[in-house]
Amino acid sequence: MSAADPHHSIFPEWLRKGLDGLYLVSGWLAGLFLISIFVIMLALSAGRPLGIDVPAGDDFASWAMAASAFLGLAHTFRSGEMIRVGLLIERMTGRTRQLFEVAALLIGSAAAVYFAWYAFDMNRTSWEFNDLAQGVIAMPLWIPQIGFSGGLIILAVAMVDELVHVLFGGLPRYEKPAPDTPEEAIERAIQSGA
């Protein structure tokens, strides 16, 4: 790792590009599922007065909502848009700050891996037992559960990736630099919805 560039990755360039691409694709899929929710809800709303029934529309909208929420986690984390409680860490500097960042990433990674493992296990169990949805369309439950378990697995990979990066002396890539001007601080607050 280069001491001159703390954002440099310890991973080979092909792996770094692959992981960053995985997080980006996950974010794009979350966006596509969000659009599908809009289309489904629009079809349900427009179909009622026209007498058009969308079978299991509510089921598909809820599955798309879960996929959108979980597939977007890794991209949100890596973009620095995930909510973090930084009141304590932001006041620290140097080695102390790095230790607290590592501790926070270690706890977060452990939680993400734990939830990813059990989400994968739930998905696998649904596939093995051929669980079916209870709604109008008897869809195998493992299909809509892929978005949930896949999103958690990708989040776990992203958090472990960041943990390894910070352990080897890199600066957290999810952390945005301090604003240079008051106007930039206001613009960031507007964009984040704060």
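The values are calculated or read from the model by the stated rules, or taken from the named source; none is laboratory data. If you're wondering where the values come from, they're calculated on a predicted model, not measured in any experiment. These area figures cover heavy atoms from the full protein model, side chains too; ligands, DNA and RNA do not enter into them. Shrake-Rupley method; radii C 1.70, N 1.55, O 1.52, S 1.80 Å.
The table for this structure:
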{"quantity": "Where segment 75-194 is the region considered: accessible area per residue in Å², 1.4 Å probe", "calculated": "63 Å²"}
{"quantity": "Global geometry of segment 25-157, whether rounded, prolate or oblate, following the gyration tensor of its Cα atoms and the 1.5 cut on a/c", "calculated": "oblate"}
{"quantity": "Under the Karplus curve 6.51 cos²θ - 1.76 cosθ + 1.60, θ = phi - 60°, whole-Hz ³J(HN,Hα) for segment 101-115, x wherever Gly or Pro sits", "calculated": "4, 4, 4, 5, 5, 5, 5, x, 5, 4, 5, 5, 5, 4, 5"}
{"quantity": "Under 5 Å, built H, 5+ apart or other chain: amide partners of L132", "calculated": "L141"}
{"quantity": "Apportionment of accessible area to carbon and sulfur, segment 32-169, percent (1.4 Å)", "calculated": "72 percent"}
{"quantity": "Rounded, prolate or oblate (a/c below 1.5 giving rounded, otherwise prolate when a/b exceeds b/c) for segment 20-77 by Cα gyration tensor", "calculated": "prolate"}
